[in-house]
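See structure below.
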Amino acid sequence: MPVVLGFEGSANKIGVGVVRDGTVLANPRRTYVTPPGTGFLPGDTARHHRGVILDLLQEALTEAGLTSQDIDCIAYTKGPGMGAPLVSVAVVARTVAQLWNKPLLGVNHCIGHIEMGRLITGATSPTVLYVSGGNTQVIAYSEHRYRIFGETIDIAVGNCLDRFARVLKISNDPSPGYNIEQMAKRGKKLVELPYTVKGMDVSFSGILSFIEDVAQRMLATDECTPEDLCFSLQETVFAMLVEITERAMAHCGSQEALIVGGVGCNLRLQEMMETMCQERGARLFATDERFCIDNGAMIAQAGWEMFRAGHRTPLSDSGITQRYRTDEVEVTWRD
């Protein structure tokens with residue numbers, strides 16, 4: 001029964017998780033929160049991660065009731081993500097693996113999300129909508145690869161939401177996306193926004209530029225409220241995501257859809273996806289904020305699958321890469 005410890009720190013979340021044979025034993029996490037109207041810079045985020053990662057490691061071991069002797073493998077996020085935070089976590093993972101004399105595994109962040117989603121929901125072979133601050137992809141498994149059927153051609157949907165929040169000075173605590181979701185519930189007017197789907201791909205930069213250009217004027221002239229803009233943005237970008245997901249499901253003949261990534265916590269997105277799935281006679285699978293948002297357990301779970309399949313990362317190859325596509329990884333642990 002392998003026990004894998006996973007480190008995740010590719011963006012503003014830092015987490016350490018412990019997984020044993022499909023059971024999450026511990027999954028503590030911290031978030032670097034910046035003031036309203038600002039984003040998080042790589043250097044500042046890395047300093048935050050370095051300041052809390054050892055406390056999180058001890059917290060995870062204590063919560064799991066384990067010691068270093070009980071751990072069989074150390075997994076860490078190799079990429080994609082922000083360079084400085086990735087490096088700060090990789091250094092700790094390498095050091096711990098050498099101190100404890102454990103094998104090391106570099107994990108693709110996106111595949112961590114997918115494997116955690118499959119574990120928690122029980123989905124067998126779903127079409128995956130992966131939506132986060134740094135990634136937006138529609139994915140399906142085929143012949144030992146997670147194949148990308150569609151993706152953003154510019155910025156990720158989570159990045160679009162985050163930058164919209166800065167325009168309206170919406171709080172980053174607990175996250176911009178969560179606060180947009182709550183404000184959208186009070187929106188009453190649908191403002192027409194650019195809707196850009198190009199085949200299987202989507203574009204969010206135009207809608208963001210449009211809002212940046214007109215938001216303050218529309219608010220100043222009472223054409224709409226901040227809540228209306230939040231509502232309109234959600235309805236528009238989520239409709240785009242549902243459209244390309246449905247098209248991928250039709251192509252694959254899939255009867256399952258799985259939402260993963262931080263934006264996947266959004267209940268309105270889940271509701272719209274559920275409506276689409278019901279109309280197709282398909283099932284929707286989603287998780288809550290414990291596992292949708294970046295966490296250490298998802299890296300541990302993907303590492304657990306890789307460890308059992310015989311994967312190991314030599315120390316000479318234990319760096320990070322900011323650009324690490326989902327379909328680069330050979331998925332040897334699935335049929």
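Before moving on, here are some points about what is shown:
- Residue count, the stretch 1-20 (criterion: open to solvent by 10 Å² or more (accessible area, probe 1.4 Å) and part of a strand (DSSP E or B)): 2
- Scan the stretch 207-230 for residues that are open to solvent by 50 Å² or more (accessible area, probe 1.4 Å) and under 24 Å from the mean Cα position of the chain (by Cα) and the total you get is 1.
- Checked against (1) in contact with a helix residue (DSSP H, G or I) (Cβ under 8 Å, 6 or more places away or on another chain); (2) in a loop (DSSP other than H, G, I, E, B), D335 passes all but condition (1).
- Filtered by the rule that a residue be in contact with a helix residue (DSSP H, G or I) (Cβ under 7 Å, 6 or more places away or on another chain) and open to solvent by 10 Å² or more (accessible area, probe 1.4 Å), the stretch 73-86 gives P80, G81, M82, G83, A84.
- Test: residue in the stretch 127-146 that is more than 20 Å from D294 (Cβ to Cβ) and crowded, with 24+ Cβ neighbours inside 10 Å: yes
- Qualifying residue in the stretch 94-101 (condition: open to solvent by less than 20 Å² (accessible area, probe 1.4 Å) and either acidic (D, E) or part of a strand (DSSP E or B) (or both)): no
- Taken as a whole, the stretch 178-189 holds at least one residue that is touching a residue at least 12 places away in the same chain (Cβ under 8 Å), surrounded by 15 or more Cβ atoms within 10 Å (Cβ to Cβ) and more than 23 Å from T31 (Cβ to Cβ).
- Residue within the stretch 71-81 that is touching a strand residue (DSSP E or B) at 6+ places or on another chain (Cβ under 6 Å), among the polar types (S, T, N, Q) and more than 22 Å from A309 (Cα to Cα) present: no
- Scanning the stretch 274-293 for residues that are assigned to a helix (DSSP H, G or I), closer than 13 Å to T245 by Cα and either polar (S, T, N, Q) or open to solvent by less than 20 Å² (accessible area, probe 1.4 Å) (or both) turns up T275, M276, C277.
- Checking each residue in the stretch 114-155 for being charged (D, E, K, R) and either closer than 19 Å to L208 by Cα or free of Cβ contacts under 8 Å to residues at least 40 places away in the same chain (or both) picks out E143, E151, D154.
- The single condition from (1) of a type outside the set (S, T, N, Q); (2) open to solvent by 10 Å² or more (accessible area, probe 1.4 Å); (3) assigned by the TED database to the domain that holds G310 that H109 fails is (2).
- Across the stretch 37-80, the number of residues qualifying as among the polar types (S, T, N, Q) and part of a helix (DSSP H, G or I) comes to 5.
- All of (1) open to solvent by 40 Å² or more (accessible area, probe 1.4 Å); (2) in contact (Cβ under 8 Å) with a residue 40 or more places away in the chain hold for T326 with one exception: (1).
- Contact map, the stretch 191-205: residues that are closer than 15 Å to V131 by Cβ paired with residues that are among the polar types (S, T, N, Q) and surrounded by 15 or more Cβ atoms within 10 Å (Cβ to Cβ), Cβ distance under 6 Å, separation 6+ or inter-chain. Pairs shown: V202/T152; S203/T196.
- From the options I259, I244, residue that is assigned by the TED database to the domain that holds I170, more than 18 Å from T77 (Cβ to Cβ), open to solvent by less than 30 Å² (accessible area, probe 1.4 Å) and assigned to a strand (DSSP E or B): I259
The values are calculated or read from the model by the stated rules, or taken from the named source; none is laboratory data. All of these numbers come straight from a predicted model, not from anything done at the bench. A quick note on method: Cβ atoms are made from the backbone with ideal geometry, for glycine too, and the neighbour counts reach across all protein chains shown. SASA here: full protein model, heavy atoms, side chains in, ligands and nucleic acids out. Shrake-Rupley method; radii C 1.70, N 1.55, O 1.52, S 1.80 Å.
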